[in-house]
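Taking it in order: structure first as structure tokens, then the write-up.
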Amino acid sequence: MEQKFHDTKEEHMNVRDLSVNCSILLTHLPLLARPAAAREAGFEAIELWWPFASATPSDDEIDALVRALRDAGVQLAGLNFAAGDMAAGDRGLMSWPGREAELRANLDAVTMIGEQTGCRLFNALYGLRRPDSTPEIQDALAAKNLALAAQAVGRIGGTVLVEPVSGAPEYPLRTADDVVAVLDRVTAQYGAKRLGLLFDVYHLAANGDDVDAAIASHANRIAHVQIADLPGRGAPGTGRLPIARWLDDLRQRGYTGRIALEYVANNSDPFAWLAQF
């Protein structure tokens with residue numbers, strides 16, 4: 001396997017440009033064993049959804065994660081803020097009235113992890129529309145919380161990412177335009193600048209957004225890129241999306257960051273597609 005990825009790196013894609021989302025890939029292993037498995041497969045960076053049961057993990061829990069990353073020799077390239085109970089359908093706390101204290105305590109934990117690991121990209125899931133609130137109240141709260149998040153991670157040079165999400169009808173940000181409008185509001189109201197668009201081509205395509213047009217319109221706002229194919233959220237090449245063309249367009253328009261692998265795959269060889277990409 002190691003040789004295959006070195007061949008792929010030279011002929012098709014440089015694995016140094018990629019990061020592996022270890023919250024959705026390599027899931028047959030315990031979470032803290034996945035960084036080492038990603039490194040063994042030839043990757044130098046990983047990212048994670050919020051990896052703890054609580055928004056405020058203990059020092060021991062944080063130390064265990066940091067140690068696993070260091071022992072594996074991988075860079076933590078991206079980390080989600082706490083997003084509620086994802087398995088139960090929650091998709092973020094930024095716009096959730098009543099959970100402000102929990103979220104703001106989480107900002108300190110996220111910033112601490114970023115400081116210890118060198119992670120500088122932090123994904124803030126916006127949150128679902130709540131039946132006990134209004135869009136106006138939620139959007140105002142989200143703008144305030146996103147500004148606070150940008151201020152918190154800005155102390156270590158970090159950037160807050162916001163993304164469209166598919167598969168959750170009550171999640172209001174579905175297109176790149178939706179996200180950019182939120183980023184502009186946060187900057188206009190609070191002066192926050194350390195904000196960027198997380199460009200997940202799977203979510204955008206699943207929501208019916210025009211990905212080519214979004215790249216053309218918002219290339220200068222894209223701070224991170226994630227890929228999976230449609231339908232099925234499988235590896236590139238398992239569906240119908242022109243992922244290679246989109247990545248080429250992004251590079252030509254100046255995107256220099258990593259490409260995050262955030263797809264569902266067979267654990268027997270989750271990176272086999274790279275040899276044909």
### Count of region 14-44 residues which are within 10 Å of V74 (Cβ to Cβ), outside any helix (DSSP H, G or I) and open to solvent by less than 30 Å² (accessible area, probe 1.4 Å)
4
## Note on the structure
Checked against (1) in contact (Cβ under 8 Å) with a residue 24 or more places away in the chain; (2) surrounded by fewer than 23 Cβ atoms within 10 Å (Cβ to Cβ); (3) not polar (S, T, N, Q), A213 satisfies every condition except (1)
### Query
What about Q151, is it within 25 Å of T27 (Cα to Cα), assigned to a helix (DSSP H, G or I) and open to solvent by 10 Å² or more (accessible area, probe 1.4 Å)?
no
#### Entry: Residue in region 1-13 that is modelled with the highest pLDDT, counting only those that are open to solvent by 60 Å² or more (accessible area, probe 1.4 Å) and in a helix (DSSP H, G or I)
E11
#### Entry: Residue identified as closer than 23 Å to V162 by Cβ and acidic (D, E) among D248, D269, D209
D209
### Task
Can you tell me which residue within region 83-108, out of those that are of a type in the set (G, A, S) and open to solvent by 10 Å² or more (accessible area, probe 1.4 Å), is farthest from E47 (Cα to Cα)?
G98
### Query
Name the residues in region 92-103 that are touching a helix residue (DSSP H, G or I) at 6+ places or on another chain (Cβ under 7 Å) and under 19 Å from L183 (Cα atoms), would you?
L93, M94, S95, L103
### Query
Do we find that Y126 is closer than 22 Å to L48 by Cβ, hydroxyl-bearing (S, T, Y), free of Cβ contacts under 8 Å to residues at least 60 places away in the same chain and crowded, with 20+ Cβ neighbours inside 10 Å in this structure?
yes
### Query
So which strands (runs of 3 or more DSSP E) are wholly in region 176-277 and hold at least 1 residues that are more than 23 Å from N14 (Cα to Cα) and hydrophobic (A, V, I, L, M, F, W, C)?
195-200
### Task
Give the residues of region 66-124 that are touching a Pro at 6+ places or on another chain (Cβ under 7 Å) and within 20 Å of V15 (Cα to Cα), sorted by residue number.
L69, A72, V74
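The values are calculated or read from the model by the stated rules, or taken from the named source; none is laboratory data. No experiment lies behind these values; they were computed from the predicted model shown. Note: ideal-geometry Cβ built from the backbone for every residue, glycine included; neighbour counts use all protein chains shown. Side chains are part of the model used for accessible areas, which takes the heavy atoms of the whole protein and leaves out ligands, DNA and RNA. Shrake-Rupley method; radii C 1.70, N 1.55, O 1.52, S 1.80 Å.
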